[in-house]
1. Residues of the chain: accessible area per residue at 1.4 Å, in Å²?
2. For the chain, which whole percent of the accessible surface, found with a 1.4 angstrom probe, sits on carbon and sulfur atoms?
3. Could you give the size of the charge dipole of the chain about its Cα centre, using +1 on the Cβ of each K and R and -1 on the Cβ of each D and E, expressed in debye and rounded to the nearest 20?
4. Can you check what the net charge comes to around Asp50, using other residues whose Cβ is under 14 Å from the Cβ of Asp50 (Lys, Arg +1; Asp, Glu -1)?
5. Along the Cα→Cβ direction, 7 angstrom out, place labels at Glu61 and Ala20. What is the inter-label distance in nm?
6. Compute the length gained on full extension between Lys3 and Ser76: take 0.36 nm times their separation in residues and subtract their Cα-Cα distance, giving the result in nm to one decimal.
7. Could you count how many Lys pairs in the chain have their Cα atoms under 18 Å apart, skipping same-chain pairs fewer than 8 positions apart?
8. Ordering His72, His19 by how much accessible area each has at a 1.4 Å probe, largest first, what is the list?
Amino acid sequence: MIKHIVMWKFKPGTETEMHAFLDGLRGLYGVIPQIREQEVGVNCAPGNYDAVLISTFDSMEDLEAYKHDPRHVQVSALCKAIRTDRVAVDCEV
């Protein structure tokens, strides 16, 4: 199993777009079959990253399929337009 963890910081004034992006991510669960589990959260403490995605895949191949799925690519396009920073970790669990 692969745990895919991504965190973002967003540009000031893009809260509406951030929530649209996060809702888009949530909408991929149950649609893209490679996603086994998914959590999407918004930071509630000052000074940290703004949001996080924690998802689980059976294999790195499934994670790669998810990353290149057109539905994920479309959702990610909004994120790229509003983020200032992104960090990610993929680890075997």
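1. 58
2. That fraction is 54 percent.
3. So the magnitude is around 340 debye.
4. Net local charge, Asp50 excluded: +1.
5. Label-label distance for Glu61 and Ala20, simple model: 3.7 nm.
6. Gain on extension, Lys3 to Ser76, equals 24.4 nm.
7. 4
8. His19, His72
The values are calculated or read from the model by the stated rules, or taken from the named source; none is laboratory data. All of these numbers come straight from a predicted model, not from anything done at the bench. Neighbour counts run over all protein chains shown; Cβ positions are idealised from the backbone, glycine included. Calculation scope for accessible area: heavy atoms of the full protein, side chains included, ligands and nucleic acids excluded. Shrake-Rupley method; radii C 1.70, N 1.55, O 1.52, S 1.80 Å.
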